[in-house]
Amino acid sequence: MADPSSYRPQPGQIPDSPGVYRFRDEHRRVIYVGKAKSLRQRLANYFQDVAGLHPRTATMVTTAASVEWTVVSTEVEALQLEYSWIKEYDPRFNVKYRDDKSYPSLAVTLNEEYPRVQVMRGPKKKGVRYFGPYAHAWAIRETVDLMLRVFPVRTCSAGVFKRSAQIGRPCLLGYIGKCSAPCVGRVTPEEHRELAEDFCDFMAGRTGAYLSRLEKEMHIAAEDMEYEKAARLRDDIGALRRAMEKNAVVLADATDADLIAVAEDELEAAVQIFHVRGGRVRGQRGWVTDKVEAVDTAGLVEHALQQLYGEEKGESVPKEVLVPALPEDTPALAQWLAERRGSQVSLRIPQRGDKKALMETVHRNAQQSLALHKTKRASDLTTRSRALEEIAEALELDGAPLRIECFDISHLQGDDVVASMVVFEDGLARKSEYRRFQVKSFEGQDDVRSMHEVVSRRFRRYLVEKSKTGEWDPQDGEDGPPEDDGKPKRFAYPPQLVVVDGGQPQVAAAKRALDELGIDDVAVCGLAKRLEEVWLPGEDDPVVLPRTSEGLYLLQRVRDEAHRFAIQYQRSKRGKRLKAGPLDEVPGLGESRKQALVKHFGSVKKLRQATIDQICEVPGIGRKTAETVAAALAGAAPAGPAVNTATGEIIEDENPAPAGASSERGTEQ
């Protein structure tokens, strides 16, 4: 633990202006990011007597080893820079909200020629209009099914759309009137886009004018005795009203607003957001976070606003944001939100009426979310703790292995030898820490030698990170030299336990790799698949854990995850190798120029027969590249003729190969 006075800036060195500051630990990793109206006043608060600080703040300042700052012009710039740095560095002492699940949204792909309505999860894409998020995907599908009667927009995938266009026959939705069938030309692209935009307008809450127009058309049709048309319009209006009824009116004045509520205790906080559009609740989402920094309700609201609107623009930011407490920099936050929306945004606490009543409902949801999270976490935490304790007891470790790394080797008959490293922290998979290795030091199949190489490379990188000498051996892998940029390093954290997939030989190889590097504070064990025995270095007999042991179950999950990750990588490498053609061996020849060559000559066979001057005629191919291509193809073994398996006849290569092909027909390099 560092003494904050050891890195305290000199008096007068800190500017008295807005800015953003970063605390770094002894390894130069950024552990906390904050902003301030006055850097001098804010940073002075961190360097008072540690005993007078909040326990979480005291932990942060004693973990840090240095502090630095960046001066900005306005508080809005400070807010934006703070958000960017928290997202970039992922500091351990900053509150970070994470979705407890990936909420689905209703998306309309307006960036396509024929927009498609579908359910989407994950990060938002440019040119796609989103509505929601919703609690359940089935709620979206029910709403869409009702609305397709009135707005028959395409909902099929690209493959189905292309197939229907090829055969000239629409899918089932086209026959039953729930798709306008643009795939077969029933409507023009412009007419279909107009349908999609009407769909978006209705979902955005502009329902009154559209329903009035349909009712007027229905009455006109009835007066003209077009009773079938009037009946169809009547049914359309009914379908739209049923879709609207799924979202009850909560605010009578057709308000567009987001309501944010917070439920918290000393250790954790839950945030719930209701998205209200046109007076109706159009979406709901929630987050739960550990309170790793000293933060009150206003601070939690500020972090939630950054998380919620940091990547949003335009109408995704509502005119009104209702919160339980106003953050310290409310004017700056309101200005930041206005810049993202493009117009004024009201940030306030509801005081009375429907909005306050709805805020109480959102707060009850937040309280229930926090209670449910605590129940689940308590159960999971108890099980994981018992598993780690059982492993520590069985392997005679000094303490519970809070970080476990598992290594596995994968290959196909000695080809494409790769390895995986998976990481479990507190009994949970930490996928951002997973790593992959290519075994390069020798050819052929030798799992023991491969394990020794991979473990050596992993811990050699750890020693480099630990020593901070800047040295790096190119044989250490594909990860490149470490950079002192404050971001979490790839191999910076050592495990308490290394698990290898295998028995005595693999365990001995891993232990030998650690001994050669002088690392004696990391335990090693192996888990053999046949009898699920746990092997320790230098032991003739395995450790047998009961089949009902939580510790054995955790080791099995770790081993199986490493096996899955290794096989996934090995298959991807094998697939790339099998798909490779002779042009892939030409150095400096990119994908675009490969496609240009094959498209120009029609096939690799004809390209092999071409002269250097003929190759130079291809746009983008110079003489030096043409000579390299000709030499590479001359050295490559020509493919055998293609054979018709039905007749036994040899098929001449007369038809041009499709653009983008990288090998001859019937050939796998």
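The values are calculated or read from the model by the stated rules, or taken from the named source; none is laboratory data. Quantities reported herein were computed from a predicted structural model and do not represent experimental measurements. Counting neighbours? That spans all protein chains shown, and the Cβs are built from the backbone with ideal geometry, glycine included. Please note that ligands, DNA and RNA were not included when accessible areas were found on the heavy atoms of the full protein model with its side chains. Shrake-Rupley method; radii C 1.70, N 1.55, O 1.52, S 1.80 Å.
Miscellaneous remarks
- The stretch 218-362: radius of gyration and largest Cα-Cα distance (Dmax), Å: 20.1, 72
- By accessible area, using a 1.4 Å probe on protein heavy atoms only, the stretch 28-120 has 47% of its surface on carbon and sulfur.
- Built amide H within the under 5 Å cut-off of R430, gap 5+: V423, F424, E425
- Per residue, the stretch 1-62 exposes 50 Å² of accessible surface when a 1.4 Å probe is rolled over the protein heavy atoms with every protein chain present.
- Accessible area of the stretch 251-307 divided out per residue, in Å², using a probe of 1.4 angstrom: 28
- Scalar couplings 3J(HN,Hα) for the stretch 417-428, obtained by applying the Karplus form with A = 6.51, B = -1.76, C = 1.60 to θ = phi - 60°, are 6, 9, 9, 10, 10, 10, 10, 10, 10, 6, x, 10 Hz; x denotes Gly and Pro.
- Selection of GluC sites (Glu not before Pro), the stretch 358-415, meeting DSSP coil and at most 11 other Cβ within 10 Å: E396
- The H on the amide N of R282, modeled in the peptide plane, is under 5 Å from the matching H of H275, V276, R277, each at least 5 residues off or on a different chain.
- Set against the 2.2 N^0.38 Å expectation for a compact globular protein, the stretch 1-92 has a Cα radius of gyration ratio of 1.03.
- Applied to the stretch 114-122, the Karplus parametrisation 6.51 cos²θ - 1.76 cosθ + 1.60 on θ = phi - 60° returns per-residue 3J(HN,Hα) values of 10, x, 10, 9, 7, 8, 10, 10, x Hz, with x for Gly and Pro.
- Backbone phi angles across the stretch 295-306, fed through the Karplus curve with coefficients 6.51, -1.76 and 1.60 (θ = phi - 60°), yield HN-Hα couplings of 9, 9, 4, 4, x, 5, 5, 4, 4, 5, 4, 5 Hz in residue order; Gly and Pro are listed as x.
- Remark: for residue pairs K376/K466; K87/K431; K126/K162, the C-alpha separation exceeds 25 Å in K376/K466.
- Area accessible to solvent at H54, 1.4 Å probe radius, in Å²: 80
- Solvent-accessible surface of the stretch 510-636, taken per residue with a 1.4 Å probe and all protein chains present: 55 Å².
- Interchain or long-range residues, amide H under 5 Å from R116's placed H: T109
- Legend: distances between Cα atoms for K440/K606; K125/K178; K125/K605; K440/K599; K124/K319; pairs beyond 31 Å are K440/K606; K125/K605; K440/K599.
- A straight line joining the Cα centroids of the stretch 40-97 and the stretch 506-575 runs 40 Å.
- Other residues lying with their Cβ under 10 Å from the Cβ of E311 contribute a combined charge of +3, Lys and Arg counting +1, Asp and Glu -1.
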